[in-house]
Amino acid sequence: MRLRISSVLCGILLLAGCGQQSAQAEYQGGGGTIEAINHTKWAISWFRVNGQSGLDIIGPYQGGGGCCFGVPKQWQPGMTVRVDWKTSVAFASDVPEIPEPKRPNLDNLDAKTADLRARKYNDEYLAWRQKVKTLSQEHSLTVPLPDYTGQKTCGITVHFLPCDQVKVTTSCADYVNPRHPIKEPLRMKDPKVCPK
């Protein structure tokens, strides 16, 4: 029985891999990873480029990503990619205007009193979590794909910037490499007013 289930799972995974290849078949240029650099205080809960998942949750001022993304072999003027993502609160301390309820000390309390305080705390905590969740937002931008004529491409790197802005590159140079074309510092502060 165990062998049969393993065989079925292997078959499904192989078929899923075949579907992935056909979905990427139009991209004959340099293939590679789909990476992200988060320059903001917000967590990136998920992100996609042209519908392809980046696989990772990216914390504030961090990077990550997964497989796979390729660009067409030849760059054409006006080429764009669509980037979809969700921002959310990374840490409770990021929203001091919505203070997290304090966990009660239940030591030395009789069972009934401890239960009442624990239930009250649980209700307050759930209400707080709901308020924090309302700060999550989904975004979508179509951004230009920079000219990569004559260059080796290595997938795509998405840079999430303050004010829900995005830049992308197909460069093979890592973010810390001086040849990486996007030079914004990793830790960027939100301006008082975002450009429109």
Checklist entry - In segment 117-142, which residues are in a helix (DSSP H, G or I) and either under 30 Å from Asn50 (Cα atoms) or of a type in the set (Ser, Thr, Tyr) (or both)? => result Tyr121, Tyr125, Val132, Lys133
Item to check | Any pair with Cβ under 9 angstrom, 6 or more apart, that starts in segment 176-192 at a residue that is under 17 Å from Val158 (Cα atoms) and ends at one that is part of a loop (DSSP other than H, G, I, E, B) and among the aliphatic types (A, V, I, L, M) | outcome: Arg179/Ala173; His180/Ala173; Pro181/Ala173
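Taking Ala114, is it in contact with a Pro (Cβ under 6 Å, 6 or more places away or on another chain) and at pLDDT below 95?
no
The values are calculated or read from the model by the stated rules, or taken from the named source; none is laboratory data. This is a predicted model, so every value here is computed, not measured. Cβ sites come from the backbone with ideal geometry, for glycine too, and all protein chains shown count toward neighbours.
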